[in-house]
Amino acid sequence: MTKDLQTKSDSALPRSYAARILLDTMGRWGARAGLLWIGIVAFCAIFAPVIASSHPILLQTADGQWTSPMLRHLSAVDVILLVMTFWTGLLLIVRMWVKYPWFKIWCFSLLVLTVLSLSFVKPPKAIVYSHYREILASGDAQYAFFAVVPYSPTDRFRERVEEMRLLSPSGEHWMGTTGSGEDLLSRMIHACRIALAIGFIATGIALVLGVTIGGLMGYFSGIVDLLGMRLVEVFSAIPTIFLLIAFVAFYGRNLYLIMVILGLTGWVGYAVFVRAEFLKLRQQDFVQAAIACGLPLRSVLFRHMLPNGITPVLVSASFGVAGAILSESTLSFLGLGLVEEPSWGQMLNETRGLGGSFFWWMGIYPGLAIFLTVFAYNLVGESLRDAIDPHLKKASHL
Amino acid sequence: MTEPLLRIEDLAVNFDTPSGVVKAVNGVHLSIYPGQTLGVVGESGCGKSVSALSTLQLVPTPPGCYERGKIWWSAKGEPPVDLLTQTEKQMQSIRGNDIAMIFQEPMTSLNPVYTVGEQILEAILLHQAVGRAQAIEIAVTALEDVGIADARSRLKTYPHQLSGGMRQRVMIAMALACQPKLLLADEPTTALDVTIQAQILELLRELQIKRGMSIMLITHDLGVVAQNADVVAVMYAGRVVEYGSVHDVFDRPQHPYTRGLFDSMPRLGEEKHRLRTIEGNVPDPGNLPSGCPFHPRCRDWQEDVQCAQAVPPLQEVFPRHWAACWHGTGCDQGNASLADIPPVSTTA
Amino acid sequence: MLTYIFRRLALMLPTLVGVTAVVFFIMALAPGGFGGSVLNEQGSQNEGEESRRIREYFNRRYGLDQPAIIQYGRWLNQVSPVGFLTSSQIQFTHEQLAEAQTAIDADPLFGSLKGRPGHMLALAEMLAKYQDISPLEATRLLNDALGEASAGENLLKEINPEVEIKSPLTAKTTAALLLLELAGRQRILFARPAVKMPDLGQSLRGRRVTQLLGEAVPITLLLNLITIPIIYSIALVTGILAARYRGRAFDIISGFIMLGLWCLPVIWVGVMLIGYFANTQYWKFFPTDGLHALEADTMRFLPSFGPEGFERGWLLDAAWHLALPILCLTYGGFAVLSKLTRGSILDNISCDYVRTVRAKGVSEHTVLFRHVLRNSLLPLITVSASILPALFVGSVVVENIFSIPGMGKLGVEAAFMKDREVVMGTTLLGGLLGLASELLRDICYAAADPRVSYE
C-alpha cells in the first residue's frame, strides 16, 4: 500500500532509461565526488609530460635561440593523448551547434593519429637530464622555463646521486625522493597513466569476454552452457592473484600483457551475470519475436537482448575497474610490475628500506592515491547501483 | 445497545515520502460491535489496510505517522482504552491476543524458515500461560478448527510445502489460536482461487458464529461484503464515504461513488448491457483534489460550488445510514455529532 | 543429500583437472618456461659439460624433454591416487635382493669389477625398477651387457635411444654409462596400474612439495581460522546495529567507515602498520615479521613470572606476532560483510512475514533476532564461499608483507623461481580449497533454508 503511494508519485519524465539512470547517478554526491577524483587523475595522466618533466618547456640558448626540449621529448603516446584530448573537446563543442557523426570522425582521427605518431614521433633515445642543469649553471643557456614539477619520473640526478637519495619532502621535492633519487611527485603524476589505463582496458577486455561467453551460454543453454559453466568453474576455482603472479612471473613484465591477463582472469563474474540475465530474457516475448522474424543471431544477441541485460553488468564493471587497479598495484608491490614505468604499487614497495628503515612519504602518498582511486570507482559504482535499483541492494563482487 | 468493541474516531495517518507528505488515512470513523462483521470496501490505496494496521500500531513509523484520532478498544467490562496511546509493551499483549490480523498474501506472510507448528506455538506460548505440550494441543485444535486434516503431522511442515489456501488456513489458525475478540482480515482471499476463496470465507463465518468474535473484513469485492458482512463502510481517498447496514447500503446506495461501484458490477437477472465504469483514476493521495475528493469523477457533480470547496461530513441520510455527500437525499436529520457515530445494530 | 554430495565430489574432479591444466599450460608454454631462472642462470655462467649435465638431470626428473601434454599427463599420474606406478615406486623384498646378491657373488664375470659388489647390486636394482623386472632377472641382463659389448649397447639404447656410443664398450664403461643414464630417471609402468600415495613431486631445490605444503598450510589455516570468526562477529554486530538504527548517526557513520575500509588496499595498510608500529623509528610495539620469536621454543605456554621478571610465554608471543597480520586480513572482510548484513536485514524487515510476526504480539527484540536475522543470514552463507578464497588471496599479500611462511608466500616465491611442481601443488590445494568451500556453502545453505533441498 505504501509502496503504491510512493511509486505513483515519481512518474518520470519521458527520457530514455539510460539517460534517466545517468541523471540520477550524477545527482548523487558519491558519484560526483568519485568522478571529481577520477577527473583529477585523468588530467594528470594526460598532461603528465607537461606537468612534470625535467625538460624545460622553453629554453633559450646562449646564442638567443628558443627551443622546447619538452615538446621534442614527447613520446608517441604522449602526442596521441594530448592531441586527442583537444581534438575531442573541439569535436564535442562543435557538436553543440551542428549535428554530425562525430563519433565516426573521432574514431577515424584516432586511427590516423596513431599511425602518424607511431611512425613520425621519434623522441631522442639517449636522455641526459643533467644536461639542462649543467648548461644553465655554466651560462650556456640564458633562460629556461620549467614545468610545475621540474623533474622527470626517471631523472635520477646522476651528477649528485648520493645526496639526492631518499630525501624527505621539502620545498624542492614536495613529496620527497625515492631510493634512486627520483622525484616522488613526478612519479606519482606519471603513474596515473598506468592506473587509469589498467583499470579501463583490463575491465574492457574482461567485459567483452564475459558478456560474449555469458551471452552465448544464456542464449544457447544446453551443451554450450554446460561447457561454459565448466570453464567458469575452472577459472573461479583458481585463486586469481595466484594465476596473475604465475602469468607475470613466467611471461615477463609488460604493461599490455598485464592488462590482458587481468582481463583474462576477470571475465568470470560478468559471464555468470550475463548468463543469468540472458536465461531470463530468452523467455520474453520480444526476444521470441526477434527470433521468429528471422533476425541473424548477432542482431538478436547484441541489439535486442544485450541492451536489456547490460545495466547491472555496468555496475559490477565499475567495481571491476577498482579491482583491476588494486590487482595491478598488488602485483607491482610484490615486485612483479613494470620496471621502467612508475606505478603506485611499486613506490609503495620501496617504503621499507634495508634494515627496517621506513620512508613514510613513499608509503603515504602512493597508498593514498591507490585508496582514493579505488574509493572513487566504488563510490561511482554504488551510486550507479542505487540509481538502477533503489530497493534492491546487493553486493556483487568483493 | 452495547458498547462498541472497537471505535475508530477521526483517524488520520500520514506518510513521509521523498515526494511529499501523503495522507493515506484522513479522518476515518468506524465502529465494530461484538459478534459483528464490518465490511470495509474501497479501491486499493484508499486507506483500508492502513486503518486496520493502525489499530494494532503496525504502520511502519519512520515513514508513517499517526496524525490525529483515537482508536477506542473496550475489552469486556473495562473502560475503553485508546490503542494509539498504548506503549509498545502494552500493544504486544493486545496483538494476537485480543486483536488478531490476517493478511492478503498467504504466500509471503509466513516465515519460510520455521515450521508451521513453531509459528503457531510462538503466539500461544506468548499469550497463554501454558506449557509446551499443552500449547501443541491448542495448536492442533486450532488447525483442526480451520479444517486441516491430519493436523498433528502438519505442525512439522514448512510453509513452502503447503498450497496457498492451506497457508491462509494456517494464518487463520495462528490468528485464532488465542481466541481473539476481534479479527482484522485484510483482503484474506484476494490472492486465492475462487473456490478456495469461498471455502475460506465460509470458514471465517463458521468460526465467527462458534466463537462470537467480531471481524473487520477488508476487501475490494462487493460480493464478498454482501455475503459476509453485517455492516459495510465504503472508503474513498482516506475517508469513509458511506456507512450503514448491508441491506441499507445495497438497497439504496446514497453516495455517488457507492452507486458507481454497484453499476460497475454485473448482476444476475438483468438485461445485458455494457457495465458502467467510474470515469477517471483514483486521486494521488499526496495531491488530493480540493473539497470532496470524489468530485472530479462524480457523475452528479454540476458546477456546484460546495463540492469543489468543502469536504462533505458524514451525515445520517436515513436512520442508521450515513453518507458523505453534499447531494445527500433522504431525510435530513442534521449533522450527527462525531462522537456518537455510528451505532448500527447487529440485528439488522 | 548423501548422493548429492557424492555427485558434487565427482564433479570436482574434472574441474580440478581443468584448473591444474590451465596453470600447467600457462607455465609450459611460457618462453623460458620451467625452472628458467635456475637453469638459465647456471647455463649462462658455465656453458659446458656441467650445465649440460644439470639440464639433463632436470629433464630426466621432470620429463622436460617431452611435449607439454605428455608432461602434464605425467604430472596428473603422479598426483592421482589411482594411476600407473613409476619405476621409483617399486619396492623389492629382502629375499629378492638377497637372491640377486647371491647371483652377483657367484658369477665370475662380476669378478672383473671386484671390490664393488654393492655398487653392482645398486645398478641391478635400478635396472630392475626401470625395466620392471625382478632383481634376479636384472642381474642376468646386466651380466650379459657387461660380458658382451653389443648386448651392453642394446641395453643402453633401450634406456636412452639418443645415447651416442663412439668407442667400443668395455665392461667398465658399460657400467658407468648405465649408471649415468639410470640415475634419477623414472619411467611410468603402464602395465602396473595401482592405488598409490599421491605425490606432488619435488621442488627445484630438491625438497618434496608435500613437505613444503605441510609446513605452509597449517600457518595459512591458522591465520584464516583466527580471521573468520573475527570477521563474522564484527560484521554481524555492526550490521545488525546499523540496520536497527537505520538512518541514525550510527548507521551513517558506520556505513561510511565500512565503505572506506572496504577500499583500503591491504598493501598500503600493511606497509603503514609495519612502518609506524613495528619500527624503531616510530613505535616498536610489534615485531615486523615471522610467527614466533626466535626463542619461542624455550618459552612456557602461558605468560608467567620467571626469574627475569615477566615472560610472555608461547601463546602471548604468537598473538603478539599475529596482531598486525590479522588486522590486515580482517578489516576488508568485515567491511563487506557488515554492509551485506545491514542490507540483508533491511530487505527482510520490510517482508510480509515480519508484519505477521508483529501482529502476533512478538516483541521487537524477538522479531529481529529470531525471525529477521535467521532469514538475513541466508545470503551471508552464499557470500562466505567467496570469502574463503578471498582470504587466501589476502594472505598472499599479507604473508609477503609480514614474511609469514604460509601458502601465499610459498606460492609467490615458487612463481618467482618458476618452480613448476611447487606452483602446481599450491594451485591444486588452492583449487581444492575453493571447490570444497563451495560445496560446504551449498550444504550449509540446504541446512539453513528448508526451501532448498538437493534430493
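The values are calculated or read from the model by the stated rules, or taken from the named source; none is laboratory data. Small disclaimer: the values here were computed from a predicted structure and weren't measured. When we count neighbours, we look across all protein chains shown, and the Cβ atoms used for this are built from the backbone with ideal geometry, even at glycine. Please note that ligands, DNA and RNA were not included when accessible areas were found on the heavy atoms of the full protein model with its side chains. Shrake-Rupley method; radii C 1.70, N 1.55, O 1.52, S 1.80 Å.
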Check your understanding: With a 1.4 Å probe, how much accessible area is buried between chains C and A, both sides summed, in Å² to the nearest hundred?
Key -> 4500
Check your understanding: Summing +1 for each Lys or Arg and -1 for each Asp or Glu, what net charge is found among the other residues whose Cβ lies under 13 Å from the Cβ of C:Thr102?
Key -> -3
Revision key, fill the gap. In whole Hz, the Karplus estimates of ³J(HN,Hα) for the stretch C:61-77 (6.51, -1.76, 1.60; θ = phi - 60°; x where Gly or Pro) are 5, 10, x, 5, 7, 9, x, 4, 5, 6, 4, 5, x, 4, 5, 4, 4
Check your understanding: Pairs C:Lys284/C:Lys409; B:Lys156/B:Lys210; B:Lys48/B:Lys89: which exceed 32 Å Cα-Cα?
Key -> none
Exercise for review: Let me know the charge dipole size of the stretch A:53-184 about its Cα centre in debye, to the nearest 20, where only the beta-carbon of Lys, Arg (+1) and Asp, Glu (-1) is charged.
Suggested key: 780
Exercise for review: Label the stretch C:82-195 by shape, choosing from rounded, prolate and oblate, from the square roots a ≥ b ≥ c of the eigenvalues of the Cα gyration tensor; if a/c is under 1.5 it is rounded, and otherwise prolate applies when a/b is larger than b/c, oblate when it is not.
Suggested key: oblate
Review point. For the stretch C:209-448, what is the accessible area per residue in Å² when the probe is 1.4 Å?
Key: 41
Exercise for review: At 7 Å along the Cα-to-beta-carbon direction for both A:Gln60 and B:Ala75, put a label point, then send me their distance in nm to one decimal.
Suggested key: 9.9
Check your understanding: Ignoring ligands, DNA and RNA, what percent of the accessible area of the protein assembly as shown is carbon or sulfur (1.4 Å)?
Key -> 62
Study note, to complete from the structure: Dividing the mean separation of Cα pairs under 8 Å (6+ apart) by the residue count of the stretch A:53-184 yields a relative contact order in percent of 31
Practice item. Return the loop-located trypsin sites (Lys or Arg not before Pro) in the stretch A:40-137 (DSSP other than H, G, I, E, B) with at most 16 other Cβ atoms within 10 Å of their own Cβ; answer none if there are none. Key: A:Lys99, A:Lys125
Review point. Put simply, what bits of the stretch A:193-242 lose 30 Å² or more of accessible area when the other protein chains are there, versus the chain on its own (1.4 Å probe)?
Key: A:Arg230, A:Glu233, A:Val234, A:Ala237, A:Ile238, A:Pro239, A:Ile241, A:Phe242
Practice item. Could you list which residues have their amide H under 5 Å from that of A:Phe358, counting only those 5 or more apart in sequence or on another chain, with H placed in the peptide plane? Key: A:Gly353
Check your understanding: Restricting to lysine pairs 8 or more places apart or on different chains, what number in the stretch C:82-195 have Cα atoms under 22 Å apart?
Key -> 5
Revision key, fill the gap. With Cα coordinates, the longest principal axis of chain C makes an angle with the long axis of helix C:94-106, in degrees rounded to 10, of 20
**Study point:** Mean Cβ neighbour count within 10 Å, used as a protection proxy, ranking A:288-298, A:272-282, A:362-372 highest first
**Key:** A:362-372, A:272-282, A:288-298
Check your understanding: What relative contact order, as a whole-number percentage, does chain A give when Cα pairs under 8 Å and 6 or more residues apart are counted?
Key -> 20
Exercise for review: Mind checking which of A:Val149, A:Leu74, A:Ser168 is farthest towards the positive end of the stretch A:53-184's charge dipole, using Cβ charges of +1 (Lys, Arg) and -1 (Asp, Glu) about the Cα centre?
Suggested key: A:Leu74
**Study point:** Sum of -39500 (n - 2.57) over DSSP H runs of 4+, divided by residues of chain B (222 nm, nearest 500)
**Key:** -8500 deg cm²/dmol
Revision key, fill the gap. Listed by chain and number, the residues whose amide H is under 5 Å from that of B:Gly244, excluding neighbours fewer than 5 places away on the same chain and using placed H, are B:Val232, B:Trp322
Exercise for review: Kindly flag which residue pairs out of C:Lys196/C:Lys418; B:Lys70/C:Lys339; B:Lys70/B:Lys181 have an alpha-carbon separation exceeding 30 Å in this structure.
Suggested key: B:Lys70/C:Lys339
Practice item. Would you mind working out the accessible area per residue for the stretch C:82-195, using a 1.4 Å probe, and quoting it in Å²? Key: 56
Review point. Hey, which aspartates and glutamates would be in cross-link range of A:Lys122, C-alpha to C-alpha under 19 Å, not counting anything within fewer than 8 residues on its own chain?
Key: A:Asp78, A:Glu340, A:Glu341
Point to revise | Helix A:360-388 vs. chain A, principal-axis angle (Cα, 0 to 90°, nearest 10) | key: 20
Study note, to complete from the structure: Rounded to the nearest 500, the 222 nm mean residue ellipticity computed for chain A from DSSP H runs (n ≥ 4, each -39500 (n - 2.57)) alone is -20500 deg cm²/dmol
Study note, to complete from the structure: Under the Karplus relation with 6.51, -1.76 and 1.60 and θ = phi - 60°, whole-Hz ³J(HN,Hα) for the stretch C:156-168, x at Gly and Pro, equal 4, 5, 5, 6, 9, x, 8, 5, 9, 10, 8, 9, x
Exercise for review: State, as an integer percentage, the relative contact order of chain B based on alpha-carbon contacts under 8 Å between residues 6 or more apart.
Suggested key: 20
Practice item. Report, by chain and number, residues whose modeled amide H sits under 5 Å from the one on B:Arg239, excluding near sequence neighbours (fewer than 5 apart, same chain). Key: B:Asn26
Check your understanding: With the dipole of the protein assembly as shown worked out from charges on the C-beta (+1 for Lys and Arg, -1 for Asp and Glu) around the Cα centre, which of B:Gly20, A:Leu116, B:Pro253 lies farthest toward the positive end?
Key -> A:Leu116
Revision key, fill the gap. Answer in debye to the nearest 20: the dipole magnitude of the stretch A:202-291 about its Cα centre, from +1 Lys/Arg and -1 Asp/Glu charges placed on Cβ, is 140
Exercise for review: For the stretch A:90-107, take each phi angle, set θ = phi - 60°, evaluate the Karplus expression 6.51 cos²θ - 1.76 cosθ + 1.60, and give the result in whole Hz per residue in order, putting x for glycine and proline.
Suggested key: 4, 4, 6, 5, 4, 5, 4, 9, 10, 8, 7, x, 5, 5, 5, 4, 4, 4
Check your understanding: Among B:Arg68, B:Arg297, B:Arg276, whose mean-square fluctuation peaks in a Gaussian network model of chain B (Cα, cutoff 10 Å)?
Key -> B:Arg276
Practice item. Could you point to the residue in C:Leu9, C:His292, C:Val209 farthest towards the positive end of chain C's charge dipole, with +1 and -1 charges on the Cβ of Lys/Arg and Asp/Glu respectively? Key: C:Leu9
Exercise for review: Kindly provide the helix-only [θ] at 222 nm of chain C, computed as the sum of -39,500 (n - 2.57) over DSSP H runs of four or more divided by all residues, to the nearest 500 deg cm²/dmol?
Suggested key: -22500 deg cm²/dmol
Check your understanding: So how much accessible area does C:Arg370 have, in Å² to the nearest 10, using a 1.4 Å probe?
Key -> 80
Study note, to complete from the structure: With +1 at each Lys and Arg Cβ and -1 at each Asp and Glu Cβ, the charge dipole magnitude of the protein assembly as shown around its Cα centre, to the nearest 20 debye, comes out at 860
Review point. Quick one: if you stick a label point 7 Å off each Cα along the C-beta vector at C:His292 and A:Arg282, how many nm between them?
Key: 5.7
